[in-house]
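Below is one structure, written out as structure tokens, with a few remarks after it.
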Amino acid sequence: MSGKDYSWLNVLLVDDSISILTYVSEVLNKVFDITNIFTASSAPEAMQILRQTHNINILFLDLNMPNVDGIQLLEQISKLKYKGYVVIMSGVSIRIISSVELLAKKYELNYIGTLLKPLNEADFYNVIKKIGQPRNKQSKSESLKTYEIIRAIRNDDIEVLYQPQVELFSRSFIGVEALCRMNHPRLGLVSPDRFIDKAEESDLIVHITMAVFKKSMADWKKWHQMGLNIKLSVNASPIALQQPEFTDVLLHLLEQFEMPTEMLCIEVTESVLADNPIQELVNLNRLHMKGVEIALDDFGKENSTVERLQKLPLNYLKLDKSYFIDHKETLGQLSIINTSLSLASKLNIKTVAEGVENSEVMKLVTEIGCDYAQGYYIARPLPAKEIIPWAKNWNSQT
Ligand code: C2E
Ligand code: CA
Ligand code: CA
């Protein structure tokens, strides 16, 4: 074997045969030193893992599975905009395989080869050697290790920054979104991109989410005592929302910090609707009934559907920042945004434009009828103590 390092790969194996899953895991582990291996014995299980674990970078897929087969799964993962490598494993005829290869290319998947069953180690090597090494950028912002996350939770090193949100019509400051950071002994303040995905692989994310709720509500209380009356939005991971006690814990915190339920907004992503969302829906509906507001985050980032909007008790739709960051592209996407906006208004849902980076985009989102905006043009995420000075400055300019 060459000296290339493959141990950074996060693998998902999909096959309805347990013995194949075991065999492939062993080869990947022994020959390539890969330890992050997820397995799924059906297509729905695979989809759930892909939705919840955003850093899977190689998928080994059996074509012939009962119910939803590998070909249908290819279509589903292309809709998820999965960007990792795809390897097909199959015992079906060569002819079928080559048409599936064409299909994978049509879906713009990063298909790198097929392993014919019965599988053998040498074939694995031929496919895996096609994988490039992670780019510098990726390895620089590589995920933290589980122990680093546990240490941060134990040492209370989870910090919260707040990004202001304004109403476009009146330009008034209406709320903040709480965004977490980790204070790392060697790396300093670390962005959530480097630990949220990892934390979501276990219930560590529940600890982080609850720490953010607690800290941000304590900050909200201080602002309130200083005369600032704004809403607080907090991101809730689907894993936190799956906890049966989530609602009661939050209601208790609201009481503890004397915060009216209407001042809290929970931001969820469409992955809360993955597969079996009963507990998530129970929590969201109970909180909504008590007055807590709900926002659907990152709308438009994945394949968003009307049907989904109607399933959730929603107050806000946050249009994903990718719409607005590249202004030129935005113009081409205006019709998509317009459809979302008119749909939201029919459903009585307010819209928030995220990623507003300059005055042009601020003007554009006002014109197309978004209700609120958030982005670097208005403010970067700020420490709690800078919120009141920022508010004074903002009010003096508008
Ligand atoms: P998000 O919820 O979509 O948060 C918005 C992200 O966009 C933030 O990144 C924010 O700093 C960034 N942003 C805001 N305005 C602009 C802009 O004008 N241009 C650009 N390019 N970016 C802008 P951040 O803080 O790094 O957070 C990244 C993601 O991490 C969040 O995306 C959210 O999914 C997750 N996250 C952050 N805090 C929490 C948390 O407390 N719990 C959970 N579960 N996830 C969190
Ligand atoms: Ca958010
Ligand atoms: Ca977002």
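General remarks:
- Note: relative contact order over the stretch 95-214, using C-alpha pairs below 8 Å and six or more positions apart, is 19 percent.
- Euclidean distance between Cα centres, the stretch 1-67 to the stretch 334-388, Å: 39
- The chymotrypsin sites (Phe, Trp or Tyr not before Pro) of the stretch 163-230 meeting both criteria, a DSSP state outside H, G, I, E and B (loop) and at most 12 other C-beta atoms within 10 angstrom of the site's C-beta, are F169.
- Label zone at I278 (point 7 Å along Cα-to-Cβ), backbone N below 18 Å, the stretch 37-64: 45
- Rounded to 5, the percent of DSSP beta bridges in the chain classed as antiparallel: 30
- Cα gyration tensor category, rounded, prolate or oblate, for the stretch 1-74 with a/c compared to 1.5: prolate
- Normalised by the number of residues in the stretch 53-152, the mean separation of alpha-carbon contacts (under 8 Å, six or more apart) gives a relative contact order of 23 percent.
- Nitroxide proxy distance, nm - points 7 Å out along Cα→Cβ at I368 and L343: 1.4
- Of the residues L334, L102, the one with the largest accessible area comes first in the ranking L102, L334, computed with a 1.4 Å probe on protein heavy atoms.
- Summary: within the chain, the longest segment free of GluC sites (Glu not before Pro) located in DSSP loops with at most 14 other C-beta atoms within 10 Å is 259-398.
- FRET efficiency for K30 and H252, using Cβ-Cβ distance with R0 set to 45 Å, rounded to 0.05: 0.35
- Considering only V11, V160, V249, the Gaussian network model of the chain with Cα springs below 10 Å gives its largest mean-square fluctuation to V249.
- Label-point gap, in nm, between E245 and D156 - each point 7 angstrom along Cα→Cβ: 2.1
- Taking each of K79/K106; K81/K129; K79/K346 in turn, the alpha-carbon distance tops 20 angstrom for K81/K129; K79/K346.
- Highest-fluctuation residue, L382, L187, L115 considered, GNM on the chain with Cα pairs under 10 Å: L187
- Relative contact order [Cα under 8 Å, 6+ residues apart], the chain, whole percent: 12
- Value at 222 nm in deg cm²/dmol, rounded to 500, when DSSP H runs of n ≥ 4 in the chain each add -39,500 (n - 2.57): -13000 deg cm²/dmol
- Cα-based shape type of the chain, given that a ≥ b ≥ c are square roots of the gyration tensor eigenvalues and the cut on a/c is 1.5: prolate
- A straight chain from L119 to S396 at 0.36 nm per residue would run longer than the Cα-Cα distance by 92.8 nm.
- Which of T39, T247 is most accessible, then next, and so on - probe 1.4 Å: T39, T247
- Surface listing: W8, W390 arranged by accessible area from highest to lowest gives W8, W390, probe 1.4 Å.
The values are calculated or read from the model by the stated rules, or taken from the named source; none is laboratory data. Bear in mind the structure is a predicted one, so any value in this text is a computation, not a measurement. So basically every Cβ, Gly included, is an ideal-geometry build from the backbone, and we count neighbours across all protein chains shown. Please note that ligands, DNA and RNA were not included when accessible areas were found on the heavy atoms of the full protein model with its side chains. Shrake-Rupley method; radii C 1.70, N 1.55, O 1.52, S 1.80 Å.
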